[in-house]
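One structure is given here, and the rest of the page talks about it.
The values are calculated or read from the model by the stated rules, or taken from the named source; none is laboratory data. Remember, predicted model here, so these are calculated numbers, not experimental data. Cβ atoms come from the backbone with ideal geometry, glycine included; neighbour counts cover every protein chain shown. Only protein heavy atoms, including side chains, enter the accessible area calculation; ligands, DNA and RNA are left aside. Shrake-Rupley method; radii C 1.70, N 1.55, O 1.52, S 1.80 Å.
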Amino acid sequence: MAKLSDEEIALFPLRNINSVVKLFKTHLERNLEPNLAILSIILGYIENTLTCSRGPEAGDPETNNISEEINDGVWGENSITKLPTVEYSFVEALYQRFLSIIKAHVDVVSFGSPKYASRELVKRVSDVVWCTLSSSYYKDRAHLQSIFSYMTGAKLDSSGTTLAVVAACQVLGYSDVHLALSEDHTWVVCGLDQQTSVEVTWHGKGNEDKRGIPVTYDAFNKSWLYVNGRPVVCDRYMEVASMVSSMNPGVNASTDSEEVLLLQQSLLWLMYDLRHINKYPMAIANLGDLEEMSPSLGRASPVMLYQEAIASNVNHYSNHHVYPYTCLAGYCYRNALYKQALQAWAKAAAVIKHYNYSRDDEEIYKEFLDIANELIPHIMRVVSTGIQAHSILKDPECFAQLLQFYDGICGWEEGSATPVLHIGWAKCLVNTMAKFESDVRARLKITCIDGEQDESGDESELHHKRSHHHEQQQQQQDQNGNTQSGVGCSPHVELSSAKMRGLRQLLLADKLNSQAVSLQLTAQSQVTVRQKRVSLGSSNAGGAEFETTQGRPKRNRRE
């Protein structure tokens with residue numbers, strides 16, 4: 001692990017975004033083992049100074065002074081590229097305190113001084129971090145993800161705890177300990193080829209003790225929380241990217257720090273240019289979110305970045321991550337590209353249907369619930385009047401995407417111990433379907449499949465239908481590869497969930513039977529519920545509620 005060189009120390013004091021970016025660039029290019037603790041302290045100091053000490057909310061004592069040790073920040077009157085001054089002596093003091101805590105409480109000799117970190121050693125490190133945290137504080141607060149927060153307030157959120165454990169193992173000389181990131185949880189991998197997995201934190205609003213428990217097949221199989229065993233396993237550079245990606249610019253519920261946003265954007269572009277986020281879909285998508293808010297001259301557009309995030313998800317994680325699609329859909333929704341938004345939401349639902357729903361999935365459930373019950377109904381209201389009237393409601397392709405979206409949700413429910421759909425879901429779907437007239441719905445070609453076969457069980461016929469549909473789509477594309485208007489076409493949709501297969505005739509009927517549709521959607525799952533997944537440990541079989549760890553700007557998820 002590298003400390004800062006004389007060349008890097010000479011860059012202090014850091015006073016603006018350019019100086020921070022230059023420090024990170026120099027450090028990353030010079031070292032195979034960038035110092036996680038030092039970089040986290042720098043980012044945490046800047047973020048906390050620009051957010052927590054700038055806009056305290058009335059009646060919230062925890063947003064008052066971060067620490068008596070924070071030197072006065074200095075930022076320019078007119079330029080948001082200026083930052084609070086970061087002195088090297090201040091960073092070094094906090095870093096030495098971090099070293100002393102870890103080395104005073106972890107004796108690697110007692111573990112046999114192993115070449116690679118063992119599960120027992122990692123658990124010991126996590127115990128030290130846990131036991132040195134403040135005994136009572138609200139763990140879901142913002143700005144608690146950095147080692148700066150740990151050193152100045154003894155406070156960490158879930159993802160910050162995992163980062164502290166990895167950074168602590170780094171200072172002990174173990175370069176094999178790395179972060180593993182799902183879309184809503186973090187844990188640690190270690191050992192030769194990172195074959196050993198270890199839980200070191202909690203998840204969500206609870207703080208149930210999972211420390212030392214391995215992430216087994218029974219835990220990750222069909223679990224969105226563990227992305228079915230396809231997490232982003234970081235190297236050191238990706239861990240730096242995760243620090244940057246998890247920065248939170250929020251001053252309060254309605255205000256963001258522009259300085260933090262611009263710093264985060266600049267550092268993510270640095271990581272992008274150095275090719276350290278190629279295998280990190282959410283970091284690429286976060287950069288897309290930032291580019292939407294403040295476009296960079298000569299850089300890729302937000303849509304291009306979202307498409308890169310999706311490609312990374314497909315190529316490296318077998319298309320098991322949902323958020324790259326919802327990020328793209330959110331962008332399309334905010335920019336009134338409603339057909340494209342429906343397409344992206346349908347693809348997001350196609351990913352989630354491969355999982356089994358559980359109480360672990362609180363964050364993604366809220367995401368899909370908001371899409372179904374707020375965003376899609378809003379689109380239907382917008383396109384019912386004005387210059388956009390009927391542009392979507394006359395398009396059977398849009399109706400097909402709507403069905404594909406709900407097919408994914410119903411597929412998510414199948415095999416799960418807990419139902420997903422309730423009357424609120426059904427009411428919104430029925431109201432939305434009713435917006436499409438019978439002649440539009442009738443143009444849809446629906447194939448019902450069960451696994452790899454359709455209702456007749458003729459797999460070759462299904463293959464023929466898919467090939468024919470692909471040929472039709474190619475013929476309907478213009479010279480730029482964009483699908484032409486669906487008004488005159490007969491799009492094809494495949495329904496694989498039991499509930500949506502059962503709706504086939506109702507969907508194509510001249511008059512939509514709202515009551516029958518609602519009853520079908522809210523009925524008990526029509527497939528045999530599989531045996532409930534074994535949890536990570538008998539003492540924690542109930543699971544917990546969860547918090548988000550990827551640090552996306554809040555406005556980009558559900559506005």
Accessible surface of residue 113 - all protein chains present, 1.4 Å probe, nearest 10 Å²: 60
Segment residue 315-residue 370, length gained on full extension (0.36 nm per residue, minus Cα span): 17.0 nm
Additional length obtainable on full extension of the chain from residue 522 to residue 301, 0.36 nm per residue less Cα span: 75.5 nm
Apportionment of accessible area to carbon and sulfur, the range 6-320, percent (1.4 Å): 49
Computed accessible area, residue 87, all protein chains, 1.4 angstrom probe, square angstrom: 70
Computed label-point distance, nm, for sites residue 30 and residue 97 using a 7 Å Cα→Cβ extension: 2.5
Heavy-atom surface of the range 221-345, accessible at 1.4 Å and reported per residue (Å²): 32
Extension gain from residue 154 to residue 515, taking 0.36 nm per residue of separation minus the Cα-Cα distance: 124.4 nm
By accessible area with a 1.4 Å probe, ligands and nucleic acids excluded, highest first: order of 42, 423: 423, 42
Residue 87-residue 378 FRET efficiency (beta carbon distance; Förster radius 41 Å; 0.05 resolution): 0.25
For a label point 7 Å along the Cα-to-beta-carbon line of residue 418, residues of the range 167-192 with backbone N under 18 Å: 183-186
Heavy-atom SASA rank of 347, 394 (probe 1.4 Å, accessible area, largest first): 347, 394
Residues of the range 246-273 with amide N under 13 Å of a point placed 7 Å along Cα→Cβ from residue 294: 249-250, 256-269
Sites residue 22 and residue 334, calculated FRET efficiency, Cβ-Cβ separation with R0 35 Å, nearest 0.05: 0.55
Surface accessible to a 1.4 Å probe, residue 345 within the full protein complex, Å²: 10
Accessible area (Å², per residue) of the range 91-178, counting only protein heavy atoms and a probe of 1.4 Å: 37
